[in-house]
Amino acid sequence: MDAIELIKQDHTKIQELFNKFLETESDMTQEQLFQEIETGLNAHAEMEEHVLYPELTPFAQEKVDEALQEHAEVKKLLEELLDADLNEDTFESQFSKLMEDVTRHVEEEESQDGILEVARQKFDQAKLSEMAVDMQNIQQRRRRDLAA
Ligand SMILES: [Fe+2]
Ligand SMILES: [Fe+2]
C-alpha cells in the first residue's frame, strides 16, 4: 500500500457511503451512515493535513492552500449538519452541498495536475509507503477514539 493508493481507496469509500445514504429510506440507517461519513471525512482530512499536504507544500504551495481552504469549508458544513435534524429541509440541502463540495475536491485531488499527481512525481516508492504507514496510524487512532 502506498500513500496515493490509500488516499484513492478512501475517496472511493466516502463516495460509497454517500451513495448508501442516498439509497436508504430509514432514518436510523441514515443517522448511522452520517456518523460514518462524518468520522470518515474528518479522519481523511487529518491524514492529508498531517502527512501528505505538509510534504507537498514545498512543491505545490498553491494547491495545498486551496485544498486546506476546501477542507475548512467541508468541516464547517459537517458541524452544521451535526447540529441539524435529519428530517429538516435544511439538512437535505446542506447534505447535497457537502456531497458536491467533497466530490469536486476529490476530483481535483485525483486530476492530472492534482495533488496526487505531484506526489507521484516527487516521491519514490519508499517515501510513499512510509507516508501510508503514518496515515494508517492516524486512521486507526480515529477509529479507536470513536469506539471509546
Ligand atoms: Fe483533501
Ligand atoms: Fe482527499
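Things to note:
- Residue among Glu62, Glu36, Glu48 that alone is surrounded by 14 or more Cβ atoms within 10 Å (Cβ to Cβ) and modelled with pLDDT of 95 or more: Glu48
- Any hit, segment 19-35, residues being in a helix (DSSP H, G or I), closer than 23 Å to Ser111 by Cβ and in contact (Cβ under 8 Å) with a residue 60 or more places away in the chain: no
- Between Leu146, Leu82, Leu128, Leu116, the distinction of being more than 15 Å from Glu38 (Cβ to Cβ), over 16 Å from the mean Cα position of the chain (by Cα) and in a helix (DSSP H, G or I) belongs to Leu128 only.
- Residue check for Ser26: surrounded by fewer than 15 Cβ atoms within 10 Å (Cβ to Cβ), farther than 15 Å from Ala119 by Cβ and modelled with pLDDT of 95 or more: no
- Any hit, segment 101-112, residues being out of contact with any Ser or Thr (no Cβ under 8 Å at 6 or more places or on another chain), within 15 Å of ligand 1 (Cβ to nearest atom) and among the hydroxyl-bearing types (Ser, Thr, Tyr): yes
- With respect to the conditions (1) within 14 Å of ligand 2 (Cβ to nearest atom); (2) at pLDDT 95 or above; (3) surrounded by 15 or more Cβ atoms within 10 Å (Cβ to Cβ), Ser111 falls short on a single one, namely (3).
- The sole residue among Phe91, Phe95 that is among the aromatic types (Phe, Trp, Tyr), free of Cβ contacts under 8 Å to residues at least 40 places away in the same chain and more than 15 Å from ligand 2 (Cβ to nearest atom) is Phe91.
- When Glu5, Glu66, Glu62, Glu73 are screened for being acidic (Asp, Glu), within 20 Å of Glu130 (Cα to Cα) and within 16 Å of ligand 1 (Cβ to nearest atom), only Glu5 passes.
- Total residues in segment 85-112, condition within 12 Å of the chain's Cα centre (by Cα) and within 15 Å of Gln35 (Cβ to Cβ): 1
- Residue check, Asp124 exposed (fewer than 11 other Cβ atoms within 10 Å of the Cβ) and of a type outside the set (Gly, Ala, Ser): yes
- Checking each residue in segment 80-108 for being within 19 Å of Glu49 (Cα to Cα), surrounded by fewer than 12 Cβ atoms within 10 Å (Cβ to Cβ) and touching an Asp or Glu at 6+ places or on another chain (Cβ under 9 Å) picks out only Arg104.
The values are calculated or read from the model by the stated rules, or taken from the named source; none is laboratory data. Values in this document were obtained by computation on a predicted structure and should not be read as measured data. Backbone-built Cβ (ideal geometry, glycine too); neighbour counts: all protein chains shown.
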